[in-house]
Structure formats: structure tokens, C-alpha cells
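Here is the structure we will look at, set down as C-alpha cells.
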Amino acid sequence: MLPLNQLCTLNCPQDGFELSDALKQQYAEEGAILVKGLFSPDEFLSIRKDMSGRLSLLERHFGASTSQDANEIVQISDRLRELERNHPGAQSVLYDSMNAAPALHSMGAHPKLLAILEALLSPELSIHDRYIILMSMPHAEWHLASWHQDWYYNEGPYSTITLYAPLQKTDRNNGSLTLALGEHQKAPVAHDEHNHGINTKWHSLPPAVVQQYERVVPTELEVGDVLLFHSLTPHTPCKNQSDHVRFVLNLRYRDLRDPQFLRDGWRIRDITHARQAMQRTAS
């Protein structure tokens with residue numbers, strides 16, 4: 001496994017920046033870029049407030065003890081775990097409701113972020129209609145997406161970029177990502193049910209393929225760091241071994257100038273294989 005500094009990393013100055021040709025070339029070769037300090041931690045407050053407010057509504061709905069303005073990440077984690085423990089399925093309700101949270105849509109179109117994405121793709125972008133806060137529960141496996149390529153589940157242009165921005169420090173202990181750099185330059189790989197050591201509903205890459213990756217890089221992100229990677233970059237999260245829920249903002253950006261995407265009328269066909277996999281219940 002390669003050291004972290006093998007990942008293309010950009011330290012973001014507070015007054016903005018222009019993505020250099022060298023960094024764009026490095027992204028093209030590696031299929032990922034880590035932008036350190038793109039946001040200040042305070043810029044995630046609106047997302048935390050949206051989650052906290054929805055939790056308060058769910059707490060009242062289920063007749064649980066209601067916590068007002070308890071919007072620090074540890075507080076949100078504790079409240080969600082308590083609610084899910086006493087009312088199974090509450091976490092899924094919160095997860096789905098966050099798709100329409102105004103704070104996620106505002107953050108997804110933040111000028112600092114779009115400046116980077118437009119440099120990597122084009123000025124004409126679209127955002128995937130799923131605005132996601134990943135919620136990795138402690139020691140859970142069924143919803144953990146082992147080695148895969150995002151394109152398998154989303155399709156569209158191969159160049160589509162995934163954004164991964166944690167709401168708390170994220171490392172191997174609480175489920176950070178590991179990437180296989182440079183593999184995005186190859187054709188998509190067929191996914192199916194494979195054993196990567198966890199019981200998960202996700203289809204994944206064949207272990208024999210994963211074993212051939214030469215540039216496997218772990219990641220460690222602070223609040224405000226943003227990881228961007230190509231839709232064909234293979235990646236896997238670590239299992240969350242901590243006592244807290246790991247929250248990550250997860251968005252996808254498509255290039256409207258992509259010739260095939262334009263010929264398709266910027267539409268995505270019904271991806272039945274992905275839908276069927278994701279609808280499975282724990283065995």
C-alpha cells in the first residue's frame with residue numbers, strides 16, 4: 001500500500017486558486033485529487049442543522065426524548081444511534097430525507113467547489129439527483145460498499161466525478177476510503193456478488209482483479225477536505241470500527257459536453273442491476 005502523499009493533493013489557499021495544468025494532468029493520470037481545506041469546518045454547520053432538525057422531528061414522531069440544537073457531530077451520532085436502536089428504520093428515513101435538504105444543495109453548488117470541477121470537466125455540469133449524506137453505522141457491514149467503481153451504479157459519462165467530503169475527521173478507524181490510482185484509464189470491470197470479507201448487499205469487483213492493483217492508497221481527511229475521484233476509480237471504504245456514526249457528503253458531477261451523454265439527451269437508462277442489488281435486505 002502506497003503512502004498518502006502518493007495521492008494528488010492540493011492545499012487550498014483561503015483566497016481561492018486556479019487549478020494548474022500540472023495538477024489537472026496528475027488527476028488525469030491518477031483518477032483522484034484531494035483538496036485540503038477547501039471548506040472551513042463552519043461551512044458544514046448548515047448541513048448539521050438540517051440533520052439535527054430532522055432528527056428532532058423523528059424523535060417527536062416516535063415519542064422519544066427530543067434534543068433541540070444538539071447539532072455537533074457527536075451529538076447527532078448519539079441521537080441517531082439511540083433512535084435507530086429503539087426504532088429500527090429511523091436511520092433510513094433520515095438518510096432519504098437528507099436528499100432534499102437545502103444545505104446539501106447549497107454546498108453542492110458552492111463556487112469554490114465548482115471552480116475545481118469546471119477545471120477538471122467543463123463549465124457545463126450537472127449534479128446527480130441523489131444528494132447523499134453517507135451514514136456508516138459503527139461495525140455495520142450490509143450497507144458498506146466494498147471494492148467497486150461508481151460508474152456501475154450511476155453510469156453516464158465515464159468522466160463523472162464523485163465528491164467525498166466528511167463531516168468529521170475520517171481515517172481507517174471510522175471507515176475512510178482506499179483508492180486504486182490509475183485504474184480508471186482501463187475499461188469498466190464487471191461487478192457481481194463477491195467475497196471481500198464482509199456481508200454486504202453491494203455488487204463488487206472480482207477479488208482477483210483487486211489483487212492486481214499496483215497503486216492502492218488509503219486516505220485520511222479532516223473536516224473541510226474534499227476528495228474528488230473519477231467514476232471508474234476503484235475504491236472501498238474501511239469498516240467503521242469507532243463508536244460513532246461516520247457522516248460524509250457524497251455527490252456526483254457529470255460533464256454535459258461529453259459527446260455520448262449529449263447524444264443520449266443527458267438521460268440515464270434504467271440501471272436495473274444496481275437497483276436490484278440495493279433493494280436486497282440483510283441475509
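The values are calculated or read from the model by the stated rules, or taken from the named source; none is laboratory data. Since this is a predicted model, take the numbers as computed values, not measurements. Glycine gets a Cβ as well: all are built from the backbone with ideal geometry, and neighbour counts include every protein chain shown. Heavy atoms of the whole protein, side chains included, go into the accessibility calculation; ligands, DNA and RNA do not. Shrake-Rupley method; radii C 1.70, N 1.55, O 1.52, S 1.80 Å.
With R₀ set to 25 Å, the beta-carbon distance separating H105 from R267 gives a calculated FRET efficiency near 0.75. Find how many whole Å separate the alpha carbon centroid of segment 83-161 from the alpha carbon centroid of segment 39-56. Centre-to-centre distance over Cα atoms comes out at 15 Å.
On segment 68-188, 53 percent of the accessible area sits on carbon and sulfur atoms, based on a 1.4 Å probe. Solvent-accessible surface of the chain, taken per residue with a 1.4 Å probe and all protein chains present: 47 Å². In summary, the convex hull built on the alpha carbon positions of the chain has an orientation-averaged projected area of 14.6 nm². Counting only lysines at least 8 places from K239 when in the same chain, those with an alpha carbon closer than 16 Å to its own are K169, K201.
For segment 81-164, the relative contact order comes to 28 percent (Cα pairs under 8 Å, sequence separation of at least 6).
Of all aspartates and glutamates in the structure, those lying under 16 Å Cα to Cα from K112, and not within fewer than 8 positions of it along the same chain, are D15, E18, D42, E43, E124, D225.
Shape verdict for segment 26-129, please, from the Cα gyration tensor: rounded (a/c under 1.5), prolate (a/b greater than b/c) or oblate.
Working: a/c = 2.56, a/b = 2.38, b/c = 1.07.
It is prolate, given that a/c is not under 1.5 and a/b is the larger ratio.
Take the alpha carbon gyration tensor of segment 181-256, find the square roots of its eigenvalues, order them as a ≥ b ≥ c, and report rounded if a/c is under 1.5; if not, report prolate when a/b exceeds b/c, else oblate. Oblate.
Within the assembled protein chains, the solvent-accessible surface assigned to E222 is about 80 Å², based on a 1.4 Å probe. Taking label positions 7 Å along the Cα-Cβ direction at both R215 and H87, the computed distance is 4.8 nm, reported to one decimal. Shape class of segment 107-189 from the alpha-carbon gyration tensor: oblate, with a/c at 1.5 or above and b/c at least as large as a/b.
Please tell me the relative contact order of the chain in percent, rounded to the nearest whole number, where contacts are Cα pairs under 8 Å and at least six residues apart. The partial results should precede the final answer.
Numbers: 540 pairs, mean separation 79.4, N = 283.
Relative CO of the chain lands at 28 percent.
Sorting 80-90, 252-262, 57-67 by average packing, meaning the other beta carbons within 10 Å per residue, from highest down gives 252-262, 80-90, 57-67. Would you look at the GNM of the chain, springs on alpha carbons closer than 10 Å, and say which of A109, A180, A145 moves the most? In the Gaussian network model the winner is A109.
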